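Undergrad: Please see the structure below; I have some questions.
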Amino acid sequence: MAIDLKAVEQLATDQSSLKAAAGLAKPAKWSGVGASHDGVLIWGECAGSGANPYRVMADLRDLGNKCTCPSRKFPCKHVLGLLWLNAEAIVPFVAAETPAWVSDWLGRRRGTSAARPGSNVPPAGEKDLRAARATEPEVADDPKDVARREAQAARRSEETERAILDALDALEQWIGDQLRMGLSGFIDDATARCRRIAARLVDGKAAVLAGRIDELPSRLLALAAGDRPRAAVVELGKLVLLARAFRAGPRDAEIRRAVAASETRETVLADPQALRVDARWEVLAEQVQTRRDGLVSQTTWLLNLTPNGPRFAMLLDFFPASAGRRGSVFTPGDRFQAELVFYPSQQPLRALLVRRDANEETPALEWPASETALGDALTRSLLAEPWVIEMPLLLPQGRIAHDETGGAWWRAADGTATLPVAGNAEGLLAGTELMRTAAIWSGNRLTILAAQTSWGRIGNDE
């Protein structure tokens, strides 16, 4: 049996686990790696911080797994590392007799397709555990065990929440220190200073917020020198607002997603309250960015061409930079009918693709008109999520112009708004009358995704 890296990434509970697994996907970390004769079981021993290695095992049929480490994550980084070794064929998984510790684990699993697939000829007298369990009556869980597990889960949740709150206290103190010492010094030394507080946030289980701060220096350096102090003040202010929003609602899924961790794909798909939208979508653009934590973020922006549901959707995926450039299933300009499920939010944006229909002939649909005035669209988003880094916008009729310094600006046709544009906005965008423009607003610059003109669609790379 085979597993690919995509399946490993989807199995990871969060980005930090995936990053840790990448560090373990090295031959020097492992010993005793092997596989069952039919290839459905794999195992190995991974060196840990203790004297004895951790024993790691997995069933490739349903990705069931086990590790002897004390991690509370399931699967842990060692399991992900073992699966990574197998997916990338980093080390050979030599067929061998299944070790007793793997067979013991397999025998305890419920619902497995066979008691011991690692052995082609079972020992004499060995019982078919799966068949025996199928005839056994279901045994109700002991109420005391259930209560104990629930108490342990509640205690872990409280400990995690306390760790995050302590880390946020440290963050606010750090922000105050930066302001007291002066923004000039902060901007000059932003990389080292942000790295230190980001490490503290990781220790405090606020990994998503740590990643945001770790990327802050690159966002500042992308701006003109004169714009950096203002952008730094805005970003530090947003961090304070996010920290205080978490204190006010630590169980709010949207806020927790921005600080600690995102819900798993399975959780969102199984949520009966999650917003589902079946509509006609157009692929606006794809953005691929290599992050400082060694992961690559792949963002696909979609525009809803029908009147139901959110105007934009963002499909976000992460994969290790070491895996190389990954192909996309989307092409800018493509249109298709699909059902998306959105992550819980006051302004639903991030989504998962549930179903995509095969290409069929449908009537041509024009881009929708802007539903609100540009100023209202900007303020409404900021009032709902004042800590957000960037927001998609559908701009009214306008044009890209350049000033004497070479800077690019989007200007509304009626003269009511002028916004700076990231980059030079050369090519077909320059000087063309844009009937509709889809863009990302970062608070400082517009990043053009695509635009509609009187003679057709143009992308940001044309």
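The values are calculated or read from the model by the stated rules, or taken from the named source; none is laboratory data. Everything quoted here is computed from the prediction, not taken from an experiment. Neighbour counts run over all protein chains shown; Cβ positions are idealised from the backbone, glycine included. Each accessible area value is taken on the protein alone, full model and side chains, heavy atoms only, with ligands, DNA and RNA left out. Shrake-Rupley method; radii C 1.70, N 1.55, O 1.52, S 1.80 Å.
Undergrad: Using the crude model of +1 on Lys and Arg Cβ and -1 on Asp and Glu Cβ, and no other charge, please compute the dipole size for segment 265-356 relative to its Cα centre, in debye to 20. Write down the numbers at each step before the final one.
TA: Details: 12 positive and 9 negative charges, 28 e Å.
Result for segment 265-356 is approximately 140 debye, rounded to the nearest 20.
Undergrad: In segment 30-104, carbon and sulfur make up what percent of the accessible area (probe 1.4 Å)?
TA: Working: 1690 of 3280 Å².
Answer for segment 30-104: carbon and sulfur cover 52 percent of the accessible area.
Undergrad: Give the residue from Ala163, Val268, Ala439 lying farthest towards the positive end of the charge dipole for the chain; charges sit on Cβ (+1 for Lys and Arg, -1 for Asp and Glu) and the dipole is referred to the Cα centre.
TA: Final value for the positive-end residue is Ala163.
Undergrad: Still on this model: Before I look further, what does the chain give for accessible area per residue, probe 1.4 Å, in whole square angstrom?
TA: Numbers: 23300 Å² over 462 residues.
Solvent-accessible surface per residue comes out at 50 Å².
Undergrad: Charges on Cβ only, +1 for Lys and Arg, -1 for Asp and Glu, centred on the Cα centroid of the chain; of Cys194, Ile448, Gly107, which one is farthest towards the dipole's positive end?
TA: Selected residue: Gly107.
Undergrad: Using a cut-off of 14 Å between beta-carbons, work out the net charge of the residues near Gly176 (Lys and Arg +1, Asp and Glu -1, Gly176 not included).
TA: Details: positive: Arg180, Arg193, Arg244; negative: Asp169, Glu172, Asp177.
Around Gly176, the surrounding residues sum to 0.
Undergrad: Would you mind computing Rg(Cα) / (2.2 N^0.38 Å) for segment 229-304, counting N as its residues?
TA: Values: Rg = 16.3 Å, N = 76, 2.2 N^0.38 = 11.4 Å.
Here the Cα radius of gyration is 1.43 times the empirical estimate.
Undergrad: Report in % the part of the accessible area of segment 161-281 that belongs to carbon and sulfur, leaving out ligands and nucleic acids; probe 1.4 Å. Present the calculation step by step, with values, prior to reporting the outcome.
TA: Values: 3170 of 5710 Å².
Ligands and nucleic acids excluded, carbon and sulfur give 55 percent.
Undergrad: Could you order peptides 205-218, 249-262 by the average number of other Cβ atoms within 10 Å of their residues, highest first? Walk me through the numbers on the way to the answer.
TA: Values: 205-218: 21.4, 249-262: 17.3.
Averaged packing, sorted descending, gives the order 205-218, 249-262.
Undergrad: Something else: Report, please, the projected area of segment 1-40 averaged over directions, based on the convex hull of its C-alpha atoms, in nm². Please list the in-between numbers first.
TA: On the way: hull surface 14.1 nm².
For segment 1-40, the mean projected area of the Cα convex hull comes to 3.5 nm².
Undergrad: Another one. Mind jotting down the three principal axis lengths of the chain based on Cα atoms? Whole angstrom, largest first.
TA: Principal extents (largest minus smallest coordinate, Cα): 86, 61, 44 Å.
Undergrad: Still on this structure, please answer the following. With a 10 Å radius around each residue's Cβ, average the other Cβ atoms per peptide and rank 166-173, 79-86, 221-228, 280-287, highest first.
TA: Values: 166-173: 17.4, 79-86: 26.9, 221-228: 13.5, 280-287: 20.4.
Ranked by mean Cβ neighbours within 10 Å, highest first: 79-86, 280-287, 166-173, 221-228.
Undergrad: In bins 10 Å wide, starting from 0, what share of all Cα pairs of segment 143-259 does each bin hold, as a percent?
TA: 13, 41, 27, 12, 5, 2, 0
Undergrad: Please list, or write none, the lysines whose alpha carbon is within less than 23 Å of the alpha carbon of Lys19, excluding same-chain residues fewer than 8 places away.
TA: Leaving aside lysines fewer than 8 places away in the same chain, those within reach of Lys19 are Lys6, Lys29, Lys66, Lys73, Lys77, Lys205.
Undergrad: What fraction of the DSSP beta bridges in the chain is antiparallel, stated in percent and rounded to the nearest 5?
TA: Numbers: 71 of 77 bridges.
So the antiparallel bridges in the chain amount to around 90 percent.
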